[in-house]
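Read the structure below first, then the notes.
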Amino acid sequence: MVTAMDPISKLTEYFREFPGIGPRQAKRFVYFLLTRHASYLDEISRLILEIKKNIKVCSSCFRFYQEYSQGNTCKICSDTSRDQAQLMIVSRDVDFETIEKSKFYNGLYFILGGSIPILDKEPEKRVRLKELEEKIRKNNFKEIILSLNANAEGEHTAEFIRSHLKEKFPEATFTISILGRGLSTGAELEYSDSDTIKNALKNREQF
Ligand SMILES: [Zn+2]
């Protein structure tokens, strides 16, 4: 919590909490806002106030979605024309968006909610493990695709999820695969273009 500071420093502190934003960038955002028109600031403030109002978390894949009906599942989870035998596991909503935008995947998703840093002492607190197990138990997946970042943390997370699933589902009939290294090393999924996603999916490997 930020207290008793001038508005510039205060807002800078808030922007610093955003993912991937350092102190300099945070300050640049604040000065950028200062150059904008009052109507722009009004609009942005209004959007911030409203952002959570019509957004729900899907009870099946755990992604954020805009409420469009009474149900508790998103459009993708309730779309029976999608391949019900494939489950793709991604870290965050932005990764889901990148994959979905590529239009090369037609199965279901599961949002882990994060990734697991190397040497982390409590990995089960970083990702939705119980929820994932439950989702797998309730469905009849033939393939589980791990679509995580091609960096050390993403690989560590993939390895952790794989061994966890092998332990929990020793008799499993599903296979586990991982995106092919069409993704260059170190690449974050969210910044990959559709062609890269297509190749990474096409070249996915048994894991
Ligand atoms: Zn869903």
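The values are calculated or read from the model by the stated rules, or taken from the named source; none is laboratory data. All values reported here derive from a predicted model rather than from experimental measurement. Positions of Cβ are backbone-derived with ideal geometry, glycine not excepted, and every protein chain shown enters the neighbour counts. The accessibility values were calculated without ligands, DNA or RNA, using every heavy atom of the protein model including side chains. Shrake-Rupley method; radii C 1.70, N 1.55, O 1.52, S 1.80 Å.
For this structure, a couple of remarks:
- Built amide H within the under 5 Å cut-off of ILE176, gap 5+: ILE144, PHE207
- C-alpha long axis of helix 7-16 to longest principal axis of the chain, angle in °: 10 degrees
- Residues of segment 108-125 with an amide N closer than 17 Å to a point placed 7 Å from the Cα of SER163 along the Cα-to-Cβ direction: 116-125.
- Proximal charge balance of LYS27 [Cβ under 15 Å; K/R count +1, D/E count -1]: +1
- Unit Cα scatterers, Debye sum, the chain: log10 I(q)/I(0) for q = 0.15 Å⁻¹: -1.04
- Angle in degrees between helix 152-168 and the longest Cα principal axis of the chain, rounded to the nearest 10: 40 degrees
- For segment 6-87, convex hull of alpha carbons as volume per residue, Å³: 147 Å³
- Of PRO19, PRO123, PRO170, the one that fluctuates the most in a GNM where the chain has Cα springs shorter than 10 Å: PRO19
- The chain: angle of helix 38-50 to the longest principal axis, Cα-based, in degrees nearest 10: 40 degrees
- Karplus 3J(HN,Hα) series, Hz, for segment 104-120 with 6.51 cos²θ - 1.76 cosθ + 1.60 (x for Gly, Pro): 9, 10, 10, x, 9, 10, 9, 9, 5, x, x, 9, 10, x, 4, 6, 5
- Taking amide H as placed 1.01 Å from N in the peptide plane, ARG63 has its amide H under 5 Å from the amide H of CYS58, ILE111, each at least 5 places away in sequence or on another chain.
- Under the criterion of Cα pairs below 8 Å and six or more residues apart, the relative contact order for the chain equals 15 percent.
- Size of charge dipole - the chain - debye, nearest 20, with Cβ of Lys, Arg +1 and Asp, Glu -1, no other charges: 200 debye
- Of all DSSP beta bridges confined to the chain, the antiparallel ones make up roughly 25%.
- The Kirkwood hydrodynamic radius of segment 117-182, based on inverse pair distances between different Cα atoms, is 12.7 Å.
- Per residue, the solvent-accessible area of the chain (1.4 Å probe, heavy atoms of protein chains only, all protein chains present) comes to 63 Å².
- For segment 7-66, the share of accessible area belonging to carbon and sulfur comes to 61 percent (1.4 Å probe, ligands and nucleic acids excluded).
- Put simply, when 5-14, 104-113 are sorted by average Cβ atoms within 10 angstrom per residue, most first, you get 104-113, 5-14.
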